[in-house]
Amino acid sequence: MNCIWSEHIQGVMTLYLSRKLRFDDLFFEQYDRLFQLDRNREWKILEIGCGPGALSGALHRWYPGARITALDRDSNFIAFAREHIPGVTFVEGDALRLPFESEAFDVTISNTVQEHVEPAAFWGEQRRVLKPGGVCLCLSARKGIRCTAPCLETTEEEKAFWDSLPSSGEELRKYGVCRYPLSEAELPASMEQHGFRNVTTGYAVIDLTPDAEKYSGKLAEAMIEEGRQSSLEAIRSVSSMHAEAAVAAVNRKYDERLRLYRAGIRQWDTAVSITMMVRGVK
Ligand SMILES: C[S@@+](CC[C@H](N)C(=O)[O-])C[C@H]1O[C@@H](n2cnc3c(N)ncnc32)[C@H](O)[C@@H]1O
């Protein structure tokens, strides 16, 4: 049982809800432009480091003929994904030693995983399990834009909570989080150095602005709730005498954000995520 990521780094709901928004069907065309996968083909797709499974769930909707397998080494993520994402086979395992035969897949894909896995193994294992001519898709988060609504600014209760904890930097280093970061230029170069050809790059820009009229009320409220749930999950993941007050403060401020949204009083808070996508062929 390995639950290091979900217990110490990012919780299940934090990853699931944020990715469910980023991989909403509204944004499919942006991904599709770079993936260049025929929607009607019976692809065998492997997702590496799938977390709670939101990207695999989207792939299942977007490529209905595909057979999708998704792997992660965190047991909590795999248990959640098995329960909530239909149509995908979830496997607990290590990206450094993929438990699959050579040349078993047409496509491998990952989202925000490359920077945590030693590059020779990360690319090498994907090359091994890809068929000749198979496609490797590597999605990587880049610096985005975040602008908070006044009613969502960090409260005194949250400050007291976070100030009561030791800095998390040491823990992230201990678990090897982001040990292999690559710049926008290094990422495609690394893919080429590890034997992939026809490498191309592109970017998906996902604008999550609840007050923008282009979004339905359901999606706008999901954006607001995503912020609430990830704040609550972060607070509940550690014990502190300040936790209860921080939880109450978070709930109060997000209740107020929802009230303003429902009353049509716009805040224009926004989170724009930029995902670099690199595509290479074996
Ligand atoms: C930033 S999270 C991204 C999860 C998921 N791709 C998403 O976007 O929601 C990184 C994921 O990589 C997984 N991971 C890191 N190293 C791994 C390894 N060697 N083998 C398998 N999974 C790994 C972690 O467990 C975690 O789920």
- Search the range 92-105 for residues being crowded, with 19+ Cβ neighbours inside 10 Å and more than 6 Å from the ligand (Cβ to nearest atom), and hand back the single one that is farthest from the chain's Cα centre (by Cα). Phe105
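Among the listed residues Ala271, Ala234, Ala220, which satisfies the condition of being modelled with pLDDT under 95 and surrounded by 17 or more Cβ atoms within 10 Å (Cβ to Cβ)?
Numbers: Ala271 fails: modelled with pLDDT under 95; Ala220 fails: modelled with pLDDT under 95.
None of the others qualify; the one that does is Ala234.
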- Item | Residue satisfying condition, being away from the ligand (no atom under 11 Å from the Cβ), in contact (Cβ under 8 Å) with a residue 40 or more places away in the chain and of a type outside the set (Phe, Trp, Tyr), within set Leu55, Leu37 | Leu37
- Note on the structure: Residue set Gly87, Gly49; condition within 9 Å of the ligand (Cβ to nearest atom) and either at pLDDT below 95 or touching a His at 6+ places or on another chain (Cβ under 9 Å) (or both); output residue Gly49
- Query: If you check Glu158 against the conditions, is it over 30 Å from Arg41 (Cα atoms), surrounded by 18 or more Cβ atoms within 10 Å (Cβ to Cβ) and of a type in the set (Asp, Glu)?
  - Reply: yes
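May I ask you to list the residues in the range 218-232 that are farther than 13 Å from Phe161 by Cα and touching a residue at least 12 places away in the same chain (Cβ under 8 Å)?
First, the residues of the range 218-232 that are farther than 13 Å from Phe161 by Cα: 218-230.
Those that are farther than 13 Å from Phe161 by Cα and touching a residue at least 12 places away in the same chain (Cβ under 8 Å): Leu219, Ala220, Glu221, Ala222, Met223, Ile224, Glu225, Glu226, Gly227, Arg228, Gln229, Ser230.
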- Would you point out the residue of the range 12-43, among those that are touching a Pro at 6+ places or on another chain (Cβ under 9 Å) and outside any helix (DSSP H, G or I), that is nearest to Leu59 (Cα to Cα)? Arg39
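Residue-wise test of (1) away from the ligand (no atom under 16 Å from the Cβ); (2) basic (Lys, Arg); (3) in contact with a Leu (Cβ under 6 Å, 6 or more places away or on another chain).
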| residue | (1), (2), (3) |
| --- | --- |
| Cys151 | yes, no, no |
| Thr155 | yes, no, no |
| Ser164 | yes, no, no |
| Glu170 | yes, no, no |
| Arg179 | no, yes, no |
| Pro188 | yes, no, no |
| Ala220 | yes, no, no |
| Gln229 | no, no, yes |
| Ile235 | yes, no, no |
- Note on the structure: Residue count, the range 111-135, condition farther than 18 Å from Gly176 by Cα and small (Gly, Ala, Ser), comes to 3
- Could you list, in sequence order, the residues of the range 184-203 that are within 25 Å of Ser273 (Cα to Cα) and surrounded by fewer than 12 Cβ atoms within 10 Å (Cβ to Cβ)? Ala185
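Name the single residue, out of those in the range 120-143 being part of a strand (DSSP E or B) and within 14 Å of the ligand (Cβ to nearest atom), that is surrounded by the most Cβ atoms within 10 Å (Cβ to Cβ). Steps first, answer last, please.
Going residue by residue through the range 120-143, those that are part of a strand (DSSP E or B) are 130-143.
Going one step further and asking which of them are within 14 Å of the ligand (Cβ to nearest atom), we end up with 137-142.
Details: Leu137: 21, Cys138: 28, Leu139: 22, Ser140: 20, Ala141: 13, Arg142: 13.
That would be Cys138.
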- Query: Glu170 is checked against (1) touching a residue at least 24 places away in the same chain (Cβ under 8 Å); (2) part of a helix (DSSP H, G or I) and fails just one. What number does that condition carry?
  - Reply: (1)
- In the range 59-75, is there at least one residue being within 28 Å of Val238 (Cβ to Cβ), within 12 Å of the ligand (Cβ to nearest atom) and surrounded by fewer than 20 Cβ atoms within 10 Å (Cβ to Cβ)? yes
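How do the helices (runs of 4 or more DSSP H) wholly within the range 186-282 filter down when requiring 3 or more residues that are closer than 30 Å to Leu34 by Cα: which remain?
Numbers: elements: 186-193, 217-236, 243-262.
Of the helices (runs of 4 or more DSSP H) lying wholly inside the range 186-282, those with at least 3 residues that are closer than 30 Å to Leu34 by Cα span 186-193, 217-236.
The values are calculated or read from the model by the stated rules, or taken from the named source; none is laboratory data. On a predicted model such as this, the values are computed, not experimentally measured, just so you know. Quick reminder, even Gly has a Cβ in these numbers, built from the backbone with ideal geometry, and neighbours come from all protein chains shown.
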